[in-house]
Amino acid sequence: MEFLRGVLGLIGIGCALLAARALVRARQGMQKQSSATGWVIRTVLCLAGVIFRHPVDALDIAVWTLMAAAAGAGWRIAAHPKPPEDLTDTIFPDEK
């Protein structure tokens, strides 16, 4: 049962990352709000599944901490995207 709690915690960490990215993209108008809401619901369900029928222990605290870090990283990744690389000179070299 502890193994399944750990797996559910890992899934929750991934859901937190994707929820933060979806929230930023929805705020920017690049994605539908319902998609962001879906990721938030998945994250909350994973959190609830990890603490279901167990007292708060080290696994819960570790999962919550990593979820918060993943959400922060997802927010940062989505808010500051890397600009596309200019490959014009590589594709079309100067003809001399």
Limited to region 53-67, what total is found for residues that are surrounded by 13 or more Cβ atoms within 10 Å (Cβ to Cβ) and either of a type in the set (S, T, N, Q) or at pLDDT 90 or above (or both)?
5
If I filter region 81-91 for residues that are surrounded by 10 or more Cβ atoms within 10 Å (Cβ to Cβ) and of a type in the set (A, V, I, L, M), do I get at least one hit?
no
Can you name the number of the only condition in (1) surrounded by 18 or more Cβ atoms within 10 Å (Cβ to Cβ); (2) modelled with pLDDT under 90 that A78 fails?
(2)
Let me confirm something: among R42, R76, which residue is in contact (Cβ under 8 Å) with a residue 12 or more places away in the chain and basic (K, R)?
R42
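Residues are listed down the side, and each one gets a yes or a no for (1) exposed (fewer than 12 other Cβ atoms within 10 Å of the Cβ); (2) under 24 Å from A79 (Cβ atoms):
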position	(1), (2)
R5	no, no
G9	no, no
A19	no, yes
V24	no, yes
M30	yes, yes
T37	no, yes
I51	no, no
Here are T90, T43, T65: which of them is in a helix (DSSP H, G or I) and in contact with a helix residue (DSSP H, G or I) (Cβ under 7 Å, 6 or more places away or on another chain)?
T43
From P81, P55, which residue is in a loop (DSSP other than H, G, I, E, B), at negative phi and within 15 Å of the chain's Cα centre (by Cα)?
P81
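The values are calculated or read from the model by the stated rules, or taken from the named source; none is laboratory data. The structure displayed is predicted, hence computed values, not measured ones. Because the Cβ atoms are built from the backbone with ideal geometry, glycine has one as well, and the counts that use them run over all protein chains shown.
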